[in-house]
Amino acid sequence: MASEIVVKKPWYSPPRIRRGLGEANRYPILPMLILLIVMVVPAIFAPLIAPHPPKEGDLKARLLPPAWVGEKTAVKTVVELITASNRDNELRLEAAQTQVQIGKARLITSGSENADRPVVVGDQLEIVTQAGGQTTYLLGTDKVGRDILSRIIYGSRISIIVAAIAIVIAGTIGTALGITAGYFSGWVDALIMRLVDISLSIPIILMALVLVAALGASFKTIVIVLVIFLWAQYARQARGETLTVRVQDYVSRAKVSGASNARIMLRHVFPNVFNSIVVLATLQVGFVIILESTLSFLGAGIPRPQPAWGLMVADGRELIITHWWVSLFPGVAIMLVVMSMNLMGDWLRDRLDPKQRQV
């Protein structure tokens, strides 16, 4: 009987490429890349990749546009006194002479005129109304001359740290209380659930403003606000899962064998609740970043001059018409990270939910 020779196809063959793309589609590649580029890598290597210190500015370079934006000019007529009806197109003689001396304006001349002669009334000047971008400031600068790209890079650190600490503390407290309420039921369940209802009914923005007035704006204050707001959602999720798990046969057998309540909750209940808690935590990362940015925008979050994304958006709200880049790029960073975390959470929920895996 002749043996069959199997020829292994190279990695670049169309069938293997199609199979590889099919496997890649099972994972959220694009959200992962966005998170790596916008948040994870900048947060880890911020001192190495940031072109400028995030808190130091150069007033000579204030409000520079992004590097690809050219300078804007306008033509104005030199006059003795500016008229109210035509003030946008006129420039006083003294100001015109100063602008020419510092290189911000040039005299528009005909071929026979001398461009180096003194400026007189009636001349027309081409004035630079907005300087062009510079390659040293790729995304431009803010109103005190700080590099926006560097502040976005360092701001990713603040977002990761705030989200991680708040979610870990709130998740630990909420999960422990939720499992306790669902396992014991009775008055313990009623007491914890009333605390959950009270927590969910507190207006988060008002509470943040009150705490800032009492404690002052700080990193600790924003973490306290987030923990108070988030723990109830973990408690409610853990309680619902525990009510289902505690009636299972393996829990009854553990009780018969003499296992303590703490051991049953830790060894038998918690592992069955863990997947739901992980999915909830992943979905809440984006929500926490938006909430932290909102509180910073309102002045109740991270204090200045820390490079928080919400503060950067707030700094540019008065300049959004004329200097749009001050608020736009931090806002885009917030949008990309939140969208990617929500997509990651949806994918993780589908992967960890047994019902979804069977579909």
Q: Could you give me the percent of Cα pairs per 20 Å distance bin for the chain, shortest bin first, beginning at zero and ending with the bin that holds the maximum distance?
A: 22, 37, 26, 12, 3, 0
Q: On each of the three principal axes of the Cα atoms of region 134-186, give max minus min coordinate, whole Å, ordered largest first.
A: 66, 16, 11
Q) If the chain between residue 184 and residue 215 were fully stretched, how many nm would it gain, using 0.36 nm times the residue separation less the Cα-Cα distance? A) 7.5 nm
Q | Reduced Cα scattering model of region 232-288, Debye log10 I(q)/I(0), q = 0.18, 0.19, 0.27 Å⁻¹ | A | -0.62, -0.67, -1.06
Q.
Using a Förster radius of 30 Å, what is the FRET efficiency between residue 322 and residue 346 based on their Cβ-Cβ separation? Nearest 0.05, please.
A. 0.15
Q: Using a 1.4 Å probe over the heavy atoms of the protein chains, calculate the carbon and sulfur portion of the accessible area of the chain as a whole percent.
A: 63 percent
**Q.** Considering only the chain, percent of DSSP beta bridges that pair antiparallel, nearest 5
**A.** 75 percent
Q.
Between residue 253 and residue 82, what is 0.36 nm times their sequence separation minus the Cα-Cα distance? Round to one decimal in nm.
A. 52.3 nm
Q. For helix 204-215, what angle does its Cα long axis make with the longest principal axis of the chain, in degrees from 0 to 90 and rounded to 10?
A. 80 degrees
Q: Starting from the Cα of residue 164, step 7 Å along the direction of its Cβ; do the same at residue 89; then give the gap between the two resulting points in nm.
A: 6.0 nm
Q | 5 angstrom amide H check on residue 134, placed H, neighbours 5+ away | A | 67
Q. Tell me, in nm to one decimal, what length is gained between residue 33 and residue 272 on full extension, where the rule is 0.36 nm per residue of separation less the Cα-Cα distance?
A. 83.0 nm
Q. Each residue of region 61-77 in order: what ³J(HN,Hα) in whole Hz does its phi give by Karplus 6.51 cos²θ - 1.76 cosθ + 1.60, θ = phi - 60°, with x for Gly and Pro?
A. 10, 5, 6, 6, x, x, 4, 8, 8, x, 6, 10, 10, 8, 9, 10, 9
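The values are calculated or read from the model by the stated rules, or taken from the named source; none is laboratory data. Treat the numbers as computed from the prediction; the structure is a model and nothing was measured. Reconstructed Cβ throughout: ideal geometry from the backbone, glycine too, with neighbour counts over all protein chains shown. When the accessible area is computed, the model is the full protein with side chains, heavy atoms only, and any ligands, DNA or RNA have been set aside. Shrake-Rupley method; radii C 1.70, N 1.55, O 1.52, S 1.80 Å.
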